[in-house]
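Undergrad: There's a structure below that I have some questions on.
The values are calculated or read from the model by the stated rules, or taken from the named source; none is laboratory data. Not measured: the values here are computed from a predicted model. Using ideal geometry, Cβ is built from the backbone for each residue, glycine included, and neighbour counts are taken over all protein chains shown. Calculation scope for accessible area: heavy atoms of the full protein, side chains included, ligands and nucleic acids excluded. Shrake-Rupley method; radii C 1.70, N 1.55, O 1.52, S 1.80 Å.
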Amino acid sequence: MAQQTTVSGRVINENNRQGLAFVNVSLDDTHGTFTNENGQFRIEDVSPGTYVLRISCIGFDPYQSASFEVQPGQPLDLDEISLTEKTIQIEEITITEQYKVWDTRYTGTNNVISAKKLERFQPIGTEEMIRTVPGVNIAGDMGISNRPNISIRGSDPRRSNKILLLEDGSPISPAPYLAPGAYYNPPADRLDGIQIIKGPDALMYGANSIFGVVNYITRRPVNDPGLRLRVQGGQRGYMDASASYGGTWGNSGAELMALYKRFNGYTDNADLHMMNVSGKWFSELSDRQSLYTKIVIQKEYVNNSLSGMTPFTFDTDPTRHPFEADEFTSHRYGLDVVHNFKVNEKLSLQSKVYGSDFYRDWWKQNSVVVHAADVQEYVGEENYQQFYSYLDGLEFTDDDYVRVGKRVNGIESNSDSRWQYLVYGAHEKANLKWAAGNNLEAMVKVHGETYHDITILGDSSKWARSGRTSADAFYTVLATSGYVRNDFRFGRFSVIPILRYEQIHLTKNDLLQNGSDPANTGHDFGEITNDFGEFTPGLSLVFRDINSGSNNWEFFTGVYKAFSSPTTAISFNELLNGEVVPSPDIANLQPEESWNQELGARWINNRNSMNGQLSLFNMFISNFYSPARAQAFQTLGAVRISGAELAASYNILKSLGVHDQALTLSGAFTYMQSAITAGTLSDADLLTKVVHSSATRQELIDKINADRSAFEVYLDGELYEGAMDISQFGQITSVAITYGDGGVTDYAVPYVTPVIFNVGLNYESKHWMINSVVNHVGPQFTEFFNFENESADGSIGELPAYTTLDANLAYELGDRGQAKDIRFFVSGKNLTNQIYRSSRLNRATGGLFPAGFLQINAGVSLSL
């Protein structure tokens, strides 16, 4: 035994020099292991002799070394071993970066969240991870990322409706064109990583790419077949448990995974139950073909509400939420099939089909705000004692209001929004290496959607689950698109032009109205259509491999045009003489368009201990119509958003030559400025639904007087052009604001915060991992009038800056008997328990949403 020794090394990807995780490594047929997350392996108890090292990993050419000798008692380090990617590798389902903050496969600004980072954080939801990326702002609504609210570079965060969301390269929004608001989000437990793509490369993925693309990459089958178990529990009844069985057999890999999650929520009446089942199969059919198939089923029940709370409730007790009868149920079935075919050494083809069926049924109590002193009389004694007794003994000011269930004929009322979506698509992509270093990529795609939107008014009480149909509309879209992209290489310099074209055909049929018309002549009677086409060119320039001292640099710049398809709420309007007007039979509103520019640099030092990416960006968006809930431009608006982003990682111990431990400092920093530069906007809620405080009433009057020519004010229905005082506030029937020439010039875009930073410190050794993360988000306006003060119902007003602190601890026990890779972990979210105002996403419908609640979870994972 004393003669035995160890053989170690590191397996890397030949293209990007990054470590390859979970690769099968063997010495002849007598010893074997798998690489860790950094691609390192260590084979112990190796007897002296002659050996051949063999390495295999799906998607890479197999490796076999020449024979080598192992000497008695002398450890052998084989250093780095490179594997070559096969052409049949599917990029959209593979994370190749584990420690760099960007992915070398993209030319513009992009960021990567690796499997290693997911493991460190043990996130409850994906938003917790995405907010660590520069340029990203998260607007919470008391959930756990099931309906993500992601803002990238200043986009409207509500339901991530301005972001293209993908899972393994396929769209996952219920209807990416018609209704892109996200009501499905993959559980973080299923992920191998996340890509965030912001530059011209976004044009490869589709429309709705003005601000960026988020691609969730799900776990690939591991090499070693086995059962993997994970369970986690914590405060407020939190529990998630997952079981998966999978592995690799020859040239095929498969995995079946089931996950259950439950949570009582951060507030009263916010229970969640979710089941997610997925299966995937990947096979190298030959050295020239591969096939990938994935099926996902998710079902969810949430005691979830559009109703938030008022500032008074937030300050008194932010856990109070009386809407017990709000129920959200949904299901989603998704399918992806991808076939890669290597025609020859220069040409490869990819064929893909995808589809999803999503259904949601959301019964919501109607809500209203009443003065705190009147709550008991309005809701009745029984309801008061059950939900509002915390008001007993409190003194109230004139601005203290509470959100309660709206009563109709003495009974709390409700309504239901019932949505059914069907999404389907197919694409064919070709990749041609037509000259040394030059690569041509082209794709054609067909994408279709249907969306059935039904609204039902409850017929009896807040618990009614039937009633009268008040709206019934059916929408469709058919989008055909294609792009051509070429990477021209001139030594270290690359020029990458891309041109995309998309033709979109939208239809709307008001089934309720047309069905009651005796003149109805068939299924397309009364159908409204909107057709348009969009060319979106882009250009990237990259200068690589610039060595400066101990660092290798890469500089890049890019410009591209992008667009966001008009949704069902926008598409079917008419643009008449420069103004947007509703029309029963004409729809010609065109999509929002933008010209985006960026300039940046990336670097990595020679020891691979430090890397980073810095970028500057400008976005000029036109045809801006419906920027946020209940706000619409009468004449199309324009906005400008610019800023700087930095992401960096520094392994302090590695820079000092220590390799069996890691101490990593990482950070993401964002600075943004924005301006609304054109358009006239009206806010439908501002005077009809918002319950103003004394401060917001005075602020509106002050705004009008400060820029009198920018505001069109009607008092009791009559245009009024004079100076105003607070006594006239109650007479205001409508207000419109003009931006740019002849209007206000210093108003910011909502939810564009000037400063965001995220700083983490992580320590890892063979058995231990501990990290801490500080996240700071600066103040941000929440509507286009830029109110600094807060209304009494919480629907308008600036959100103050906030800072959170998270920490995670894990211990790797290793193997014990049949159990392998045993790992215990504890995670602490929002350790300071400083509750903050997170969003006003639903405005007058919902008011204020809190976040920042302390949550401690603990769990264990293992393999059998």
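Undergrad: Within the stretch 830-851, can you find the residues that are in contact with a Phe, Trp or Tyr (Cβ under 8 Å, 6 or more places away or on another chain) and within 30 Å of L229 (Cα to Cα)?
TA: If the condition is that a residue be in contact with a Phe, Trp or Tyr (Cβ under 8 Å, 6 or more places away or on another chain) and within 30 Å of L229 (Cα to Cα), then N830 is the only one that fits.
Undergrad: Could you please give the count of residues in the stretch 696-730 that are in contact (Cβ under 8 Å) with a residue 24 or more places away in the chain, β-branched (V, I, T) and either touching a strand residue (DSSP E or B) at 6+ places or on another chain (Cβ under 8 Å) or over 18 Å from Y747 (Cβ atoms) (or both)?
TA: Adding up the residues that qualify gives 2.
Undergrad: Name the single residue, out of those in the stretch 645-654 being open to solvent by 40 Å² or more (accessible area, probe 1.4 Å) and among the aliphatic types (A, V, I, L, M), that is modelled with the lowest pLDDT.
TA: I652
Undergrad: How many residues are buried (at least 22 other Cβ atoms within 10 Å of the Cβ) and in contact with a Gly (Cβ under 8 Å, 6 or more places away or on another chain) when one looks only at the stretch 322-335?
TA: Matching residues across the stretch 322-335 total 3.
Undergrad: Just for the stretch 398-419: of the residues that are of a type in the set (G, A, S) and part of a strand (DSSP E or B), which one is surrounded by the most Cβ atoms within 10 Å (Cβ to Cβ)?
TA: Checked the stretch 398-419; the qualifying residue surrounded by the most Cβ atoms within 10 Å (Cβ to Cβ) is G405.
Undergrad: Take the residues in the stretch 772-826 that are among the charged types (D, E, K, R) and in a strand (DSSP E or B); name whichever of them is surrounded by the fewest Cβ atoms within 10 Å (Cβ to Cβ).
TA: R816
Undergrad: Determine whether Y216 is in a strand (DSSP E or B) and crowded, with 23+ Cβ neighbours inside 10 Å.
TA: Against the criterion (in a strand (DSSP E or B) and crowded, with 23+ Cβ neighbours inside 10 Å), Y216 qualifies.
Undergrad: What are the pairs with Cβ atoms under 7 angstrom where one residue, in the stretch 655-679, is at pLDDT below 95 and the other, located anywhere, is basic (K, R) and surrounded by fewer than 20 Cβ atoms within 10 Å (Cβ to Cβ)? Sequence gap at least six, or different chains.
TA: Taking only residues 6 or more apart or on different chains, the pairs are S655/R607; D660/K766; A662/K654.
Undergrad: Got at least one residue in the stretch 803-811 being under 30 Å from K689 (Cβ atoms), at pLDDT 95 or above and of a type outside the set (D, E)?
TA: No; the residues of the stretch 803-811 include none that is under 30 Å from K689 (Cβ atoms), at pLDDT 95 or above and of a type outside the set (D, E).
Undergrad: Another question, if that's okay. Considering (1) over 30 Å from N833 (Cα atoms); (2) in contact (Cβ under 8 Å) with a residue 12 or more places away in the chain; (3) open to solvent by 50 Å² or more (accessible area, probe 1.4 Å); (4) not hydrophobic (A, V, I, L, M, F, W, C), say which one G743 fails and leave the rest.
TA: So G743 meets the others, but not (3).
Undergrad: Ok, one more. Which of the strands (runs of 3 or more DSSP E) found entirely inside the stretch 435-549 contain at least 3 residues meeting this: open to solvent by 60 Å² or more (accessible area, probe 1.4 Å) and more than 19 Å from Y560 (Cα to Cα)?
TA: 438-458, 467-490, 528-548
Undergrad: Does D224 fit the bill of being modelled with pLDDT under 95, open to solvent by 10 Å² or more (accessible area, probe 1.4 Å) and either hydroxyl-bearing (S, T, Y) or assigned to a strand (DSSP E or B) (or both)?
TA: no
Undergrad: Another one. When both residues are 6+ apart or on different chains and their Cβ atoms are under 6 Å apart, which pairs have a first residue that lies in the stretch 266-279 and is crowded, with 20+ Cβ neighbours inside 10 Å, and a second that is in a strand (DSSP E or B)?
TA: Close Cβ pairs satisfying both conditions: L272/F263; L272/V302; N276/L259; N276/Q298; S278/M257; S278/V296.
Undergrad: Something else: Residue by residue through the stretch 10-50, note down the ones that are surrounded by 14 or more Cβ atoms within 10 Å (Cβ to Cβ), in a strand (DSSP E or B) and β-branched (V, I, T).
TA: Scanning the stretch 10-50 gives V11, I12, V25, T33, I43, V46.
Undergrad: May I ask you to list the residues in the stretch 51-80 that are of a type outside the set (A, V, I, L, M, F, W, C), more than 23 Å from D815 (Cβ to Cβ), in a strand (DSSP E or B) and over 39 Å from the mean Cα position of the chain (by Cα)?
TA: Hits for the stretch 51-80 are Y51, Q64, E69, D77.
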